[in-house]
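Here the structure comes first, spelled out in structure tokens, and everything after it is commentary.
The numbers here are math on the coordinates, done by the rules we state, and not lab data. What you see is a predicted model; the values in this text were computed from it and never measured. Note that each Cβ is placed from the backbone with ideal geometry, even for glycine, and that neighbours are counted across all protein chains shown.
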Ligand SMILES: [Zn+2]
């Protein structure tokens, strides 16, 4: 997303709301010139509801996905734009499914696959939480699986 003031692509989303029309309005802030602007995305008409494990449904929240990615990538050599791209990619893939509902699992799996490409340590961190790896043995098994598939 390009800043309309300085054309920098280094912007971040500060707030996401669904409009009555069905579009998604994002408030963004440019990291270069610090100006704010908002965008309304029509493709978001097709953004599916996310079905959580307990059956609860909620809007796809890219910020929530981003928080998980950021935690996994803390102190790792993964740039902020790379993380933004990963989350934007995942959102685009979710929209491309063209379904009204998508299980939360689908998103978790895509985050895992994306992190695996970006940074293996971040991948393992995310896997520990997301795959609910409960002990060192299961973490070790996951690492060995990763090493074995190299
Ligand atoms: Zn700007």
For the Cα atoms of the chain, what angle does the longest principal axis make with the long axis of helix 104-118, in degrees from 0 to 90, nearest 10? 80
On a 0 to 90° scale, report how tilted helix 80-96 is relative to the longest principal axis of the chain, with both axes built from alpha carbons and the result rounded to the nearest 10. 80
Could you check the simple spin-label distance between residue 89 and residue 37, using points 7 Å along Cα→Cβ, in nm with one decimal? 2.5
The chain: angle of helix 120-130 to the longest principal axis, Cα-based, in degrees nearest 10: 90
With label points set 7 Å from each Cα along the Cα-to-Cβ direction at residue 113 and residue 19, the distance between them in nm comes to 3.1
Rounded to the nearest 500, what is the chain's calculated 222 nm mean residue ellipticity when only DSSP H runs of at least 4 contribute -39500 (n - 2.57) each, over all residues? -14500 deg cm²/dmol
Can you tell me the relative contact order of the chain? Whole percent, Cα pairs under 8 Å, sequence separation 6 or more. 17
Could you line up 75, 31, 110 from fewest to most neighbouring Cβ atoms inside 10 Å? 75, 31, 110
